[in-house]
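Nothing in this text is a laboratory measurement; each read-out follows from the coordinates by a stated rule. Quick caveat, the model's predicted, so the values are computed rather than measured. So basically every Cβ, Gly included, is an ideal-geometry build from the backbone, and we count neighbours across all protein chains shown.
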Amino acid sequence: MGLRKICSVMVEKMRVTIKDIASDTGLSLATISKFINNKTVSAENSAIISESIDRLHYIQNHSAKLLRSSHSKTICMITGSISDVFWAYLFDELSIQFQKEGYSFLLISIRNKNDKAEALGLLSREYPDGILILCDGEEASEFTPDSFRPGVPVIFLDNGIPSCPLVTSSGYISTYEGTEYLIRNGHTDICFLVSTCALETLKDRLRGCLDACKDNGITVKPEHLIQSDTHDLDYSMLRGILNAPTRPTAVFSLSYVSSISLLRFFNQNHNLSKQFSLLFFDDSPLFRTISPAITVISQDMNAMAQTCVKEMIKRIENPEIKDQVTFYVPTKFEKRKSVSPVNK
């Protein structure tokens with residue numbers, strides 16, 4: 001008999017069961033089961049059972065419990081990187097709100113194909129009740145409902161695929177209104193910054209800006225539309241635009257990544273930092289503390305988390321729901337000090 005087999009047999013012989021707890025306490029199996037499953041038991045019996053569990057080192061067999069109940073009470077979230085400070089607020093809200101509903105929240109980071117394979121293997125073993133996916137467009141498209149155990153509801157956040165529900169912010173409406181806010185303050189020459197414009201969410205935000213300009217009779221100069229296929233802005237191009245004789249009076253950054261990149265640029269070019277009105281899509285404590293504080297369009301992480309939790313639990317409790325709807329969460333306009341009227 002191999003060592004692994006011997007250890008397995010020894011563990012089985014040593015494992016304490018609820019029958020052992022019942023024998024030790026003199027209480028019924030039904031009472032022990034109620035206590036273990038967090039149901040009402042008298043204070044006296046609770047104390048007796050707790051003392052027995054501690055003394056006998058009883059460990060509940062969660063795998064067996066899962067097989068009996070068919071529910072793990074676990075929600076898994078797959079994301080591209082847990083180091084993204086911006087999305088950390090959403091992760092925190094999701095964890096808090098799922099725990100209030102009695103669910104554990106498991107966060108899995110995938111950075112490459114090996115991570116993805118390991119994540120899918122883990123999910124096939126852990127049997128989560130639901131799966132959330134928050135990845136860039138290309139990463140998100142690699143997941144399909146067929147990637148997971150049949151019947152498990154899958155909801156995407158921010159970017160999605162056509163065959164699954166999506167929870168995202170109302171980017172088009174908010175950037176349209178943000179652009180009009182700049183126009184009302186006299187800004188008719190606006191520079192728009194868009195990083196990783198391949199994402200559908202960023203395309204929607206840019207469409208909102210361009211439509212607002214068009215509806216107000218403003219033509220956006222091609223050189224004032226800076227799009228990047230990477231997260232980093234072209235600083236030499238930006239420096240040339242902001243130093244040009246026909247330079248813009250305002251800069252509207254359409255993502256958190258491009259906003260951070262812009263602030264890094266201004267940190268290296270102090271002579272330019274106070275000469276433009278700034279409007280950012282997405283918020284951060286940094287944007288509130290620098291001077292002047294940045295006017296922003298913020299995504300409501302609490303509302304986004306609430307929508308995810310509500311829709312996920314609805315699908316867990318009603319497996320027949322198979323809709324592929326997109327839920328648009330309203331944004332918030334946070335007026336601060338970084339937009340000034342244009343002096344005529």
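How do Leu56, Leu233, Leu182 line up, fewest other C-beta atoms within 10 Å first?
Exposure proxy ranking, most exposed first: Leu56, Leu233, Leu182.
So if each residue of separation counts as 0.36 nm, and I subtract the Cα-Cα distance between Glu200 and Asn37, what length gain in nm does that give?
Here the segment from Glu200 to Asn37 would lengthen by 54.2 nm.
Counting pairs of alpha carbon atoms under 8 Å apart in space and at least six apart in sequence, what relative contact order in percent does segment 205-271 give?
Computed value for segment 205-271: 31 percent relative contact order.
Can you give me the relative contact order of segment 155-239 as a percent, contacts being Cα pairs under 8 Å and 6 or more apart?
About 31 percent, as a whole number.
In nm, what is the difference between 0.36 nm times the number of residues separating Gln324 and Arg207 and their Cα-Cα distance?
39.8 nm
Sorting His270, His224, His187 on the 10 Å Cβ count, fewest up front, what's the list?
Sorted ascending by nearby Cβ count, the order is His270, His224, His187.
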